[in-house]
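Structure first, then comments.
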Amino acid sequence: MSELNAVVADAAIEFHSVVKRFLRHDRRDESFLAVDRLSFAVAPGEMIAVLGRTGCGKSTMFNLLAGLIEPTEGTVRVLGHDPFREFNWYRGKLAVVFQNDRLLPWRTALGNVELGIELLGKEEEERRAIALGWLERLGLKGHEHDYPHALSGGMRQRVSIARAFAVNPEILLCDEPFSALDELTGQRLREEYTQLVRENGKTSIFVTHSINEALQLGERILVFHRPARIALEARVAGGDREAIRQRVLEAMNPNEPRLAEEAA
Amino acid sequence: MTTPWYKLRKETVLALGGLTLAWQFASYFFPPYLFPPVPAIAQKFLAIFLDPESLANAGATAARIFAGLAVAFLLGVLLAFLMGRSERNYRYAYPLLNFIQGIPALSWVVIAIIWFKGTEPRILFIMVATTVAAFSFQILDAYRSMSKDLFEMTLSFRPSKRDLFRTLILPTIVPGMLTAWKVNLGNAARVVVVAELVGATGGIGYQLLQQQQLFDMAGALAWTLVLVVFVLIVQQVITKLEDWLLAYRPRAERST
Ligand SMILES: Nc1ncnc2c1ncn2[C@@H]1O[C@H](COP(=O)(O)OP(=O)(O)OP(=O)(O)O)[C@@H](O)[C@H]1O
Ligand SMILES: [Mg+2]
């Protein structure tokens, strides 16, 4: 807890006792608890990996961060502001790689990568150069003018990563960005990603299902409980990786210690 | 799969050719005021295109269709926008538009005659009244079919209202708008001839009335064909526009 308090002072991202309930219109407005008193803080320039079992509220946490949904209770602060209430303040400061690629079907790969910078008002020539650069870095040279339906799932995912990176945001939110890629491409992109985030002093949170990926990329790992609440917080840098892996597994499977052992 | 306009499908040719032959066959057994021979109809049809005055009649009808559809479309966009903006607006507008949609064209004709003086205002009123509800609903549907995922993705970049409209909303609703135009064009063509009976001194409806008084079946059919051909050509143009605008869409290679 003392560690958490230490970062709060100048935190880039801060969740304070956040609760999110969804009204299920399909079930007579029954309410569903997706996030349960979630508190954590992220220091500027930090890379956080979020792990948690399916349906535990990771994407919901992202939507709260991106200001797309409003917390039922508690406060969310990103760069000292409220992402839902001060929505437009975040122009150019925040970008999201969504869990599914979410490409505009009527735009080519290039057009999709340009979208974010175009909305920021960059001139055509400049944004073309930026977008082409990103497409090349992500191994999509030769596919600039393909429409999304003609790209593979992994290629589409890379286009959506390029779209977020092209904005050069202060805060980068990635929801399982590398899950749809083959081992080699994934590995290369993870390295790119680390380099990009470190070099440019960006704050980033990414969600993953893979403990290895979390250990490789995260400076700190947050394990979510279902409904979303911190089950474990572990600093990776300088720690004993095997011990951390064991603790993460146990935190992810609180009721099945044996399963956790087997998985390890 | 759409076929280019110059390449008619075999089935289309056979079906229409069969109908023409059957008609010609009937003309041998019935008097010409019931089943005029096909060449007689074709001659009258061509004559319409060679006579400037007749062409002006056809043009007048086309202009009335377009004017009515244009006004109904603009109103429809406005109403769809209001309904899409708030659920409350929708709850008020829906029953009203539904009610308007249920009124038969002939009732609008009577109402138009009582309410308006000139022929053109009457016709415009009838055209707008009979198509505005369908336009509103179709455009609203297109707007509502917008993907929530893409909407949130675009919003995450904090676009201005104008940019949001340009980059997401417009491309989403254009296909629905084009379909609405095609559907309403067919409806409008059917209504316009009825509307033209309210004292128009020109137009396809007026010409049809003349042919009826002369008991000239060939003339009546020729004018009907002019209207049908007009609708088919415009719909084909819209389809071309659709194909061009929606070229990005993937095509399924097989259907069931
Ligand atoms: N708009 C919504 N309305 C109702 N329930 C929702 C909504 N969004 C999410 N939920 C529910 O909240 C819970 C958390 O969902 P969320 O998408 O955040 O999970 P997740 O951790 O991202 O899962 P995954 O790893 O499978 O992506 C789920 O049980 C889901 O059904
Ligand atoms: Mg998710």
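For the reader, a short list of remarks on this structure follows.
- Here A:G92 clears all of (1) assigned to a loop (DSSP other than H, G, I, E, B); (2) away from chain B (no Cβ under 14 Å); (3) out of contact with any strand residue (DSSP E or B) (no Cβ under 9 Å at 6 or more places or on another chain) except the condition numbered (2).
- Between A:L23, A:L33, the distinction of being open to solvent by less than 70 Å² (accessible area, probe 1.4 Å) and not assigned by TED's automatic domain parsing to the domain that holds A:E233 belongs to A:L33 only.
- All of B:P171, B:P121, B:P175, B:P159 fail the test of being within 14 Å of another protein chain (Cβ to nearest Cβ) and either in contact (Cβ under 8 Å) with a residue 60 or more places away in the chain or closer than 17 Å to B:F66 by Cα (or both), apart from B:P175.
- Top-ranked residue in the stretch A:73-86 [being part of a loop (DSSP other than H, G, I, E, B) and away from ligand 1 (no atom under 15 Å from the Cβ); ranked as farthest from the other protein chains (Cβ to nearest Cβ)]: A:G80
- If the condition is being within 14 Å of chain A (Cβ to nearest Cβ), of a type outside the set (D, E, K, R) and part of a helix (DSSP H, G or I), then the stretch B:215-256 contributes B:W244, B:L245.
- On inspection, A:N200 passes the criterion of being closer than 26 Å to A:N63 by Cβ and more than 16 Å from ligand 2 (Cβ to nearest atom).
- Within the stretch B:194-234, the set of residues being under 16 Å from the mean Cα position of the chain (by Cα) and hydroxyl-bearing (S, T, Y) comprises B:T224 only.
- Checking B:A252, B:A189 one by one, the residue that is of a type in the set (G, A, S) and open to solvent by 50 Å² or more (accessible area, probe 1.4 Å) is B:A252 and no other.
- For the stretch A:36-80, residues that are open to solvent by 20 Å² or more (accessible area, probe 1.4 Å), without any contact (Cβ under 8 Å) to a residue 40 or more places away in the chain and more than 13 Å from ligand 2 (Cβ to nearest atom) total 3.
- Annotation: of all residues in the stretch A:112-129 being under 23 Å from the mean Cα position of the chain (by Cα) and crowded, with 20+ Cβ neighbours inside 10 Å, the one that is farthest from the other protein chains (Cβ to nearest Cβ) is A:V113.
So that you can scan it fast, the table gives a plain yes or no per residue for (1) in contact with a helix residue (DSSP H, G or I) (Cβ under 6 Å, 6 or more places away or on another chain); (2) facing chain B (nearest Cβ under 10 Å):
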{"site": "A:T108", "(1), (2)": "no, yes"}
{"site": "A:A131", "(1), (2)": "yes, no"}
{"site": "A:H143", "(1), (2)": "yes, no"}
{"site": "A:S152", "(1), (2)": "no, no"}
{"site": "A:I171", "(1), (2)": "no, no"}
{"site": "A:C174", "(1), (2)": "no, no"}
{"site": "A:F178", "(1), (2)": "yes, no"}
{"site": "A:D182", "(1), (2)": "no, no"}
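- Any hit, the stretch A:49-72, residues being assigned to a loop (DSSP other than H, G, I, E, B) and in contact with a Gly (Cβ under 6 Å, 6 or more places away or on another chain): no
- Some residue of the stretch A:215-236 being part of a loop (DSSP other than H, G, I, E, B), within 13 Å of ligand 1 (Cβ to nearest atom) and more than 21 Å from A:S17 (Cα to Cα): no
- Selection of the stretch A:195-214 for residues being in a helix (DSSP H, G or I) and either small (G, A, S) or at pLDDT below 85 (or both) yields A:Q195, A:L196, A:V197, A:R198, A:E199, A:A214.
- Options A:N88, A:N168: the member that is among the polar types (S, T, N, Q) and under 21 Å from B:I169 (Cα atoms): A:N88
- Subset of the stretch B:192-245 [hydroxyl-bearing (S, T, Y) and open to solvent by less than 30 Å² (accessible area, probe 1.4 Å)]: B:T239
A quick yes/no check of all residues on (1) surrounded by fewer than 11 Cβ atoms within 10 Å (Cβ to Cβ); (2) within 25 Å of the chain's Cα centre (by Cα):
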{"residue": "B:G18", "(1), (2)": "yes, no"}
{"residue": "B:P36", "(1), (2)": "no, no"}
{"residue": "B:A42", "(1), (2)": "no, yes"}
{"residue": "B:F45", "(1), (2)": "no, yes"}
{"residue": "B:D51", "(1), (2)": "no, no"}
{"residue": "B:A62", "(1), (2)": "no, yes"}
{"residue": "B:A67", "(1), (2)": "no, yes"}
{"residue": "B:L75", "(1), (2)": "no, yes"}
{"residue": "B:L82", "(1), (2)": "no, yes"}
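The values are calculated or read from the model by the stated rules, or taken from the named source; none is laboratory data. Bear in mind the structure is a predicted one, so any value in this text is a computation, not a measurement. So basically every Cβ, Gly included, is an ideal-geometry build from the backbone, and we count neighbours across all protein chains shown. Each accessible area value is taken on the protein alone, full model and side chains, heavy atoms only, with ligands, DNA and RNA left out. Shrake-Rupley method; radii C 1.70, N 1.55, O 1.52, S 1.80 Å.
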